[in-house]
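Take a look at the structure below.
The values are calculated or read from the model by the stated rules, or taken from the named source; none is laboratory data. Because the structure is a prediction, the values reported are computed rather than measured. All Cβ positions, even for glycine, are placed from backbone atoms using ideal geometry, and neighbour counts span all protein chains on display.
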2 protein chains.
Amino acid sequence: MNEANLHDGGSVLFFKSEYIGEFVYGGIDGAITTFAVVAGAAGAGADLSWVLIFGFANLLADGFSMSVGNFFSSKAEQANFEKHKAIEYWEIEHKRASEVQEIEDIFRAKGFEGKLLDQVVEVIISNKKVWVDTMMKEELEMIKDTRKPINTALATFIAFVLVGLIPLSSYLMAIWIEIDAQLLFPISCIATGFAMAVIGYLKGFVTRANYLISVAETVLLGGLAAFLAYFVGELLGSYFS
Amino acid sequence: MNEANLHDGGSVLFFKSEYIGEFVYGGIDGAITTFAVVAGAAGAGADLSWVLIFGFANLLADGFSMSVGNFFSSKAEQANFEKHKAIEYWEIEHKRASEVQEIEDIFRAKGFEGKLLDQVVEVIISNKKVWVDTMMKEELEMIKDTRKPINTALATFIAFVLVGLIPLSSYLMAIWIEIDAQLLFPISCIATGFAMAVIGYLKGFVTRANYLISVAETVLLGGLAAFLAYFVGELLGSYFS
């Protein structure tokens, strides 16, 4: 048994495994956003044109906002990490005694005592970087995400738009190819269900959960969300007609 | 200077600071989702009824999917943490030599050497819990989120729906009160802009960033997303009319 195999997912299909999380969650959100428009329209009996207008308005606006929001929050998280690190550096200079005490408490909790504990504390506080790193992990329990914010944001956007196009695809094709209007929603449901199954499978890699459960959860989630949207569409559609 | 004050945000307004992150990101997503519908409709010249049908379909379906997705991913993250912990327990039993070596490497990197290093390793590996905890933090850099998944999911849902209602509020009121149809979109823009400013301010607490920058970023993000939706609505609206 190889340790790397036990802990790492490696790369899946053509995705860098580092960004599968963004692909999965961006993809789910993209598909649900446009599928809600499609299902709401089906419930309300709305025309193809409204599906495409509201579908694309939501696809671009939500995809943009989600990925830019992701960019800002990743940047802010890293800045927050650096800020706390700076506070720890400040504290070991200006509140040295209590910070030494904290290191002592941390290692006493690990089972060190007596002279050995004193020696361990001495080694840790002899190097400021080691001292601060120990406080970050042991006291604040903060770990830095070293991935570039622009990359996680791009992965989110691409996934959101690509997967979000799937529920709209039958309506989009109906502009050029003749498709029975009655079939547009069923085709969209099948295509979206298939997409959710693939994403659920990929989610199994991210969460290292059972693949079948992961696929079932994701498909069910999409189905229930669409049911809600259909129900709202039908209810409000009959109210306004 | 008090350490708790330096590191913690405390509670803000009536929110438990623990869940402000969920409130902020759920709220932004809720507002952008319905604001995209409102702006797309304004661009396409769609009726009040379509704004409410698609607005509420997206509000409920996306809010449901986002919070249930949050629930599953929190649960999966915690399960993944436990799984890796179990792997580490397995490894210290079955690959003891290499796991002892890893502990030695971790503490050598902290500046320990010679006899003291041997003693430190001995204390760490004398307690399996301490040994595994050290591997989780130092080797895998994994920290457990101890919040209940149901709470983070609920905080997300409540924020999504409450803040997501704001862009729709003028259209909703127009059912009962007479409001000039020309004013519905401007009122929605002002209300949404105000909501984004409040959320941006709260985001300042979450990310501990400069409040003015946080407010400006959030309002701008909402404005740009709405501009995209308006543009798509206008473009497709003129194509289909």
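Beta carbons closer than 6 Å, at least 6 apart along the sequence or on distinct chains, pair a first residue in the stretch A:66-83 that is within 20 Å of B:Leu220 (Cα to Cα) with a second that is assigned to a helix (DSSP H, G or I) and at pLDDT below 85 for A:Ala76/B:Thr207. The residue that is surrounded by the fewest Cβ atoms within 10 Å (Cβ to Cβ), counting only those in the stretch A:47-65 that are more than 7 Å from every other protein chain (Cβ to nearest Cβ) and aliphatic (A, V, I, L, M), is A:Leu48.
Among the residues of the stretch A:100-122, is there at least one that is under 19 Å from the mean Cα position of the chain (by Cα) and within 30 Å of B:Val206 (Cβ to Cβ)?
To start, the set of residues in the stretch A:100-122 that are under 19 Å from the mean Cα position of the chain (by Cα) comprises none.
No, the stretch A:100-122 contains no residue that is under 19 Å from the mean Cα position of the chain (by Cα) and within 30 Å of B:Val206 (Cβ to Cβ).
Taking the condition basic (Lys, Arg), more than 11 Å from chain A (Cβ to nearest Cβ) and in contact with a Ser or Thr (Cβ under 9 Å, 6 or more places away or on another chain), does B:Lys148 pass? Spell out how you get there, then give the answer.
On the way: basic (Lys, Arg): yes; more than 11 Å from chain A (Cβ to nearest Cβ): yes; in contact with a Ser or Thr (Cβ under 9 Å, 6 or more places away or on another chain): yes.
Yes, satisfied.
Could you identify the single residue in A:Leu184, A:Leu168, A:Leu162 that is over 28 Å from the mean Cα position of the chain (by Cα) and touching a residue at least 40 places away in the same chain (Cβ under 8 Å)? So that I can check it myself, show each step before the final result.
On the way: A:Leu168 fails: over 28 Å from the mean Cα position of the chain (by Cα); A:Leu162 fails: over 28 Å from the mean Cα position of the chain (by Cα).
The match here is A:Leu184.
If I go through the stretch B:204-213 residue by residue, how many of them are more than 8 Å from chain A (Cβ to nearest Cβ) and part of a helix (DSSP H, G or I)? Total meeting the criteria: 5.
So which of B:Ala153, B:Ala197, B:Ala229 ends up being assigned to a helix (DSSP H, G or I), modelled with pLDDT of 90 or more, crowded, with 21+ Cβ neighbours inside 10 Å and out of contact with any Leu (no Cβ under 8 Å at 6 or more places or on another chain)? Break it down into steps so the answer makes sense when it comes.
Working: B:Ala197 fails: crowded, with 21+ Cβ neighbours inside 10 Å; B:Ala229 fails: out of contact with any Leu (no Cβ under 8 Å at 6 or more places or on another chain).
From the options B:Ala153, B:Ala197, B:Ala229, the qualifying one is B:Ala153.
If you go through the stretch B:79-130 and keep only what is under 21 Å from A:Lys115 (Cα atoms) and of a type in the set (D, E, K, R), you end up with B:Glu104, B:Arg108, B:Lys110, B:Glu113, B:Lys115, B:Asp118, B:Glu122. Within the stretch A:98-125, residues that are within 12 Å of B:Lys110 (Cβ to Cβ) and within 11 Å of another protein chain (Cβ to nearest Cβ) reach partners that are surrounded by 16 or more Cβ atoms within 10 Å (Cβ to Cβ) and of a type in the set (Phe, Trp, Tyr) with beta carbons closer than 6 Å, at six or more positions or on different chains, in the pairs A:Val120/A:Phe107; A:Val120/A:Phe112; A:Val123/B:Phe112; A:Ile124/A:Trp131; A:Ile125/A:Trp131.
Run down A:Ala191, A:Ala195 and say which single residue is in contact with a Ser or Thr (Cβ under 7 Å, 6 or more places away or on another chain) and over 14 Å from A:Ile20 (Cα atoms). Outline the logic, then answer.
Numbers: A:Ala195 fails: in contact with a Ser or Thr (Cβ under 7 Å, 6 or more places away or on another chain).
Selected residue: A:Ala191, the only one of A:Ala191, A:Ala195 that is in contact with a Ser or Thr (Cβ under 7 Å, 6 or more places away or on another chain) and over 14 Å from A:Ile20 (Cα atoms).
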